[in-house]
Every structure is written in C-alpha cells, then in structure tokens.
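**Student:** I have a structure here, written as structure tokens, and I will follow up with some questions on it.
Derivation of every value follows stated rules applied to the coordinates shown; laboratory data play no part. Keep in mind it's a predicted model, so treat the numbers as computed, not measured. As a convention, Cβ positions derive from the backbone with ideal geometry for all residues, glycine included, and neighbour counts pool all protein chains shown.
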Amino acid sequence: MNLEGGCACKAIRYRLTESPLIVHACHCRDCQRATGGPFVINIWIEGRFVEAGPVAPKSFRLTGGTGKHHDVFFCETCGTTLWSRYHIVPSDCLFYTRSKLPWLVLPEGVPTFQTGYKIDEVWSAENKERLRRNRAGQA
C-alpha cells in the first residue's frame with residue numbers, strides 16, 4: 001500500500017507504506033473539539049510504516065477524556081491537523097459514539113460502540129497478530 005497525504009499548504013508530506021491496522025470514525029468530545037466537526041476518521045498504523053517528508057510538524061498535548069495524554073501534530077504554516085499519538089494505545093478504548101450528535105445518522109449495520117471496544121472482539125485475526133508482534137517488539 002502506498003497512500004500519500006499532508007497538510008493543506010503542502011509543506012508537510014507523508015506516505016503510508018502498509019495498510020492501517022484499523023480505520024474508524026470517532027465521535028468523542030475530544031475529536032469533536034479538535035476538528036470542529038461531528039467526528040473524525042482515524043487510522044491506526046505503526047510509526048515505522050509512515051515515511052515523513054523533510055518538514056516536521058509541530059505538536060501540542062491534550063488530556064483526553066480517559067485522563068491520558070494525547071499529542072496532536074499539525075502544520076505550523078497552515079494549521080492542518082495531521083495525526084495524533086494517543087498514549088492509551090494500544091488499549092481497548094478507541095471508538096466512541098456515546099457523544100454522537102443526534103442529527104448524524106450512521107449507516108445501517110455499521111458496528112457502533114458507546115464507549116470503546118475490545119480489540120479481540122472486533123479486529124481481524126491478521127491485525128490482532130500484527131498488534132501482538134508490535135507489542136512484543138517484533139514484526
């Protein structure tokens with residue numbers, strides 16, 4: 001997989017060289033505040049699969065709803081939020097719809113979780129093994 005992205009002014013660029021472990025929409029209040037929208041689309045991918053360009057983003061630290069730190073990385077020039085580092089990861093709290101805005105209708109059949117989910121109950125066997133290897137310092 002080769003996906004490329006970056007900020008609005010194109011000062012910061014990156015490339016993903018592997019598929020994400022998971023993609024999800026988070027409706028928690030922290031994500032709503034950070035984006036100014038009803039939710040954010042998150043991918044979870046290991047840092048070694050992200051090739052950064054020559055310009056490094058700036059960051060600031062928030063305290064999330066869990067009480068754990070959450071570092072937000074952004075372009076200093078245009079202000080585009082690029083990625084976050086959640087200090088609870090890896091854990092079981094990833095995807096919130098408890099604070100989903102009432103006017104946003106989710107597609108029928110899409111799995112939703114009020115406060116979080118158990119990785120073992122949701123992720124594919126392949127990605128659970130990849131996470132296990134990451135935790136063990138392998139892969």
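**Student:** When a footprinting reagent is the concern and you count Cβ atoms within 10 Å, what order do Glu121, Glu129 take, fewest first?
**Tutor:** Glu121, Glu129
**Student:** Right, another one. Relative to the Cα centre, what is the charge dipole magnitude of segment 1-50, using +1 at the beta carbon of each Lys and Arg, -1 at the beta carbon of each Asp and Glu, and rounding to the nearest 20 debye?
**Tutor:** So the dipole magnitude of segment 1-50 works out to roughly 180 debye.
**Student:** Further question: Under the Kirkwood approximation applied to all pairs of distinct alpha-carbon atoms, what is the hydrodynamic radius of segment 96-139 in Å?
**Tutor:** About 12.7 Å, per the Kirkwood formula over Cα pairs.
**Student:** Oh, and also: Could you please rank Ser84, Ser124, placing first whichever residue has the fewest other Cβ atoms within 10 Å of its Cβ?
**Tutor:** The order, fewest Cβ neighbours first, is Ser124, Ser84.
**Student:** Now for a separate question. With a cut-off of 8 Å between alpha carbons and a minimum separation of six or more residues, what is the relative contact order of the chain in percent?
**Tutor:** Reported as a whole number, the value is 21 percent.
**Student:** Mean residue ellipticity at 222 nm from the helices of the chain, using -39,500 (n - 2.57) per DSSP H segment of n ≥ 4 over the full residue count, to the nearest 500 deg cm²/dmol?
**Tutor:** So the helix-based figure for the chain works out to -4000 deg cm²/dmol.
**Student:** Looking at segment 1-108, which trypsin sites (Lys or Arg not before Pro) are in a loop (DSSP not H, G, I, E or B) and have at most 14 other Cβ atoms within 10 Å?
**Tutor:** Passing sites in segment 1-108 are Lys10, Lys68, Arg98.
**Student:** Sticking with this structure for a sec: With Kirkwood's inverse mean 1/r over C-alpha pairs for Rh, give me the Rg to Rh ratio of the chain, two decimals please.
**Tutor:** Computed over Cα atoms, the ratio is 0.96.
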